[in-house]
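Here is the structure we will look at, set down as structure tokens.
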Amino acid sequence: MDHPIIEPWESDDLTHEFYVPDYIERIAQDVLESYDLSVNSIQVITTKPDKGGAIWKLETTSGPKSLKLLHRRPTRSMFSLGAQEYLVKVQDARVPAIVKTMDEKDYVEAGGKLWFVAEWIEPLEPVTKDLEGAKHLCYALGEFHRLSKGYEPPQQSEVASRLHKWPSSYEKMIIKMDWFRNIANVYGELPASTHLLNVVDRFEEQARNSLTRLNQSSYSELIKKGNAFWGLVHQDYGWSNGQMGSNGMWIIDLDGVAFDLPLRDLRKLISGTMADLYRWDVNWVREMIKSYHESNPLTAELYEILMIDLSLPNEFYKNIKEVVYEPELFLNDQTTQLIQTIVDTDQTKWPVLKEIEDDWRGVESL
Amino acid sequence: MKILMICTEKLPVPPVLGGAIQTYISGNLPYLSRFHEITVLGISERSLPNQETIDGVHYVRVPGQILEIYREGVIKYLESTSFDLIHIFNRPRLVLPVRKVAPEAKITLSMHNDMFNPDKISPEEATAALEEVSNIVTVSDYVGNVIRNLYPQATAKITTIYSGVDTEQFLPGYHPKMQKIRNEIRQEHGLENKTVIMFAGRLSHNKGVDRLIRALPELSKKFKDLAVVVVGSSWFSEDNITDYVAYVRAMTKKLTIPVVTTGFVSPSVIQNWFAAADLFVCTSQWNEPLARVHYEAMAAGLPILTTARGGNPEVIQLNENGLVVENPENPIGFVEKITEILSDKSKMKNMGIKGRELAVSLYKWDRVASEILGVWGDAIHTSSSSVPETLTDIYVEQEIIKDLVSADSIEAKPTDTKSNYKQKSTLEKKVEARPTDTKSNYKQKSTLEKKVEAEVKQEPIIELDNKPEKEIENNGMKDKSKTHSVRDMIKESLRESVRKTIIEQMIIDSNEVSTEDSISNLIRELKRRRNIE
């Protein structure tokens, strides 16, 4: 089978939401030839046109399955598939099992990308968007992290690790704050520019403090324990990739897993949830951390790193970084509103972090 | 000698897609291949065959891009072919796997950047790799110092060899061969009657062209005729541009000064842009090893403004061939120094002339090649030290010392190898040849200058294949060197026999495990042996 190389594709108002180019659909059909499956129907479930990835749902005589076209480099995808296999086979985690090809392989390489088939878990329900739901997510996340420890990637794969990259990702945030400022200065006539300029110093200062604290923390000691000790982060975890099945929480879409301190997923979940609430709530934060701790115990050192990571201006950064692309469009009245919301939410963050900072004092270290 | 040069897994050699390391290797091959039988092992590339012989150099190409895949190809190749010396470029992580299949070969390692940092190679593997290599060549003192700080035990093995440039390819814009091209480019891009500031490099935060862009509004108040040329890829592409490129584009959009962006320029024609420019600015924010563009700008007769980061200032003689921005984070530094250069046209011109002179006298490939030949010679006469230290350094040392003539000054430094001796004395000799240049803030550079000038005067560089002996003789070190080499020879033969046993054992032990495993096995085995001894 000789296939064209898969490239990202254009998606616009003329193409429907689940449009996938014909040549990729044809490759998908060829890929399925490698499996001992009798497929009754195939349907696109989600696409990543800008990256060149897609997921199909298959109805087969042996039940529903998913077919995935992974957009990452094949060697990078091998890392994630190895992790998925490890979690299912070695750790018995609630993660969809990979369906083997007829020659017992985990994947098919076609069009320069990896494709694989996995079990489609049914029933699967999102947890409720309340504290109970958030606690379920946190407990399941801790479990995922705990079970991913000890993973050794296949020999041919690229080792994806963010373990050493914390300081540089903090630095990058600080650097980009300066970009935001410079752009707002140069495009001073646009509606949101003044507002951006009014607050950027404050958020830059926060990021600098976080970096200082990270450098003074036990981070550098903790990372010495190495990749396999800490296990994997999911990197895209939340209400859609952690869902309730008949026998407990399942975690899906593992394509982006990487070695890291597990806290990063937890931090993203907490700060994202607080952004959705439009305010920081001390009870939510405490309960979420506690649920996580039940399945993957946190030490005082890890708790400190979590506090530091929460102190970053994560939401400001995440929402404003788009400004570099089309400042003329981005710096509009809507962004002025957005900045105000972020600032208001941020003001409720600090009392919460202050209140919980000593919660883990004296908890046994590793 | 039969020599294998192992390139990195990123880009092919010859440098059809560019690349500093690839350019370095290709620049040296015409000279190196006159003295040795050379094979270049690199990655496959659509436009190049998997095996070929050009001008006496044998090229072998295996799949690359990912180190793990490349490593497999390298190992497979080495299983069938043996070499006296293997020169690995910038991949310390290849050292142990190579050692496993080539237990007899000497290994030289070239370091072009920070691949010894802990996030690139585990301290355990790095330590073991450093013991296996005979010597380490770095592209600047900066790169060597970073390795020294991490692994002080490697100090004696590290030598700086500055890179080079083809001074026939890169020529000043006023050179008869370039005048027409210069005029054409300037005409085509609306640069006539402009003072053209040139940047060449990746568009990334580390390379920092944004600081130059941000300096322009201020500069445009002082100079009415400015234009900027940015030579670097990924400017135009619509999708998949980085945040950084988007940022620089956004900042450029509002400028009144014309900014010409070239996109990717093939390495074979990039000299044309240098010839079209009037001032070269390197804006690097990071501790850069030492960017090649400095040599190219010098050869093109351009005054240089660079930053006090990494190895870059090592090739600048202040006010002679350029200036250095001490705090490159702040665009003001670029405003000030560019103003300083542009305000004095005769000084600006002289800086360009001096740059060309330096390129021709110090930074041609034949000089680089002659230094590499010297290092290879040293490697062949030293042994790598995968032998228990207790055995070599204490027991052997004591035994030898007992048997040899009574103590002289050398025994004060029993671990000094012959090659170190030579390097030190060479340097000393060069420094003595002329008093230190007090004008310069950057001492390392002036040392090199003296060193090479002395060499140029004493003998034509290209005939330096027999250089080491001459130097030792000239140096009044003859007797000591001899004493030393007798001892070295005994030590070496003892080491060799122990080493062979160890390596044979390692190969038996690691026969059936994966490469990743065998690296830890190799390290473990070395350690175990040491403990037993």
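Nothing in this text is a laboratory measurement; each read-out follows from the coordinates by a stated rule. Bear in mind the structure is a predicted one, so any value in this text is a computation, not a measurement. Note that each Cβ is placed from the backbone with ideal geometry, even for glycine, and that neighbours are counted across all protein chains shown.
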- Query: Counting other Cβ atoms within 10 Å, which trypsin sites (Lys or Arg not before Pro) in the range A:293-366 have at most 10 and lie in a DSSP loop?
  - Reply: A:R361
- At a temperature of 4 °C and a viscosity of 1.567 mPa s, determine how fast the range B:2-160 diffuses translationally according to Stokes-Einstein, using the Kirkwood radius over alpha-carbon pairs as Rh; express D in µm²/s, rounded to the nearest whole number. 82 µm²/s
- Computed over chain A: relative contact order in percent, which uses C-alpha pairs under 8 Å that are six or more apart: 18 percent
- Could you pull out the pairs from A:K321/B:K222; A:K318/A:K349; A:K51/B:K10; A:K149/A:K172 whose alpha carbons sit more than 24 Å apart here? A:K321/B:K222; A:K149/A:K172
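How about the range A:202-239: which GluC sites (Glu not before Pro) there lie in a loop by DSSP and see at most 12 other Cβ atoms within 10 Å? Mind dumping the intermediate values first?
Numbers: sites: A:E204, A:E205, A:E221; in loops: none.
Loop-located and lightly packed - none at all.
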- Task: Treat the range A:282-366 as a sphere of radius equal to its Kirkwood radius over Cα pairs and apply Stokes-Einstein at 37 °C in a medium of 0.692 mPa s; give the translational diffusion coefficient in µm²/s, rounded to a whole number.
- Result: 218 µm²/s
- Task: Starting at the first residue of the range B:32-43, write each ³J(HN,Hα) from the Karplus equation 6.51 cos²θ - 1.76 cosθ + 1.60 with θ = phi - 60°, in whole Hz, x for Gly and Pro.
- Result: 4, 6, 6, 10, 9, 8, 10, 10, 10, 9, x, 9
- Which order do B:F334, A:F229, A:F330 fall in if you start with the one that has the fewest other Cβ atoms within 10 Å? A:F229, A:F330, B:F334
- Item | Shielding by partners - mean other protein chain Cβ count within 10 Å, residues of B:246-256 | 5
- Ranking B:K207, B:K2, A:K135 by Cβ neighbours within 10 Å, fewest first, what do you get? B:K2, A:K135, B:K207
- Query: With helices defined as uninterrupted DSSP H runs, which ones in chain A have an alpha carbon span along their own long axis of at least 18 Å and mean Kyte-Doolittle hydropathy of at least 0.0?
  - Reply: A:263-277
- Could you work out the mean count of beta carbons from other protein chains within 10 Å of each residue's beta carbon in A:184-193? 2
- So who's got an amide H within less than 5 Å of the one on A:K48, skipping anything under 5 residues away but keeping other chains? H placed 1.01 Å off N, in plane. A:G53, A:A54
- Message: Looking at chain A, I'd like the Rg to Rh ratio, where Rg is from alpha-carbon atoms and Rh is Kirkwood's inverse mean 1/r.
- Response: 0.99
- Item | Kirkwood-based shape ratio for the range A:22-122, expressed as Rg/Rh from alpha carbons | 0.93
- Query: Among A:I45, A:I289, A:I252, whose mean-square fluctuation peaks in a Gaussian network model of chain A (Cα, cutoff 10 Å)?
  - Reply: A:I45
- Item | Peptide-level mean, for A:71-77, of C-beta atoms on other protein chains within 10 Å | 1
- Spin-label pair A:K290/B:L255, simplified geometry with 7 Å Cα→Cβ offset, distance in nm: 5.8 nm
- Item | Derived scalar couplings ³J(HN,Hα) [the range B:82-97; Karplus, 6.51 cos²θ - 1.76 cosθ + 1.60; whole Hz; x for Gly, Pro] | 10, 9, 6, 9, 10, 9, 9, 9, 6, 10, x, 6, 8, 4, 5, x
- Query: Which whole-number percentage describes the relative contact order of the range B:176-361, with Cα contacts under 8 Å and a sequence gap of 6 or more?
  - Reply: 23 percent
- Given H placed 1.01 Å from N in the peptide plane, which residues other than close sequence neighbours of B:T160 have an amide H under 5 Å from its amide H? B:T138
- Note on the structure: Proxy exposure order for B:S134, A:S34 (fewest C-beta within 10 Å first) is A:S34, B:S134
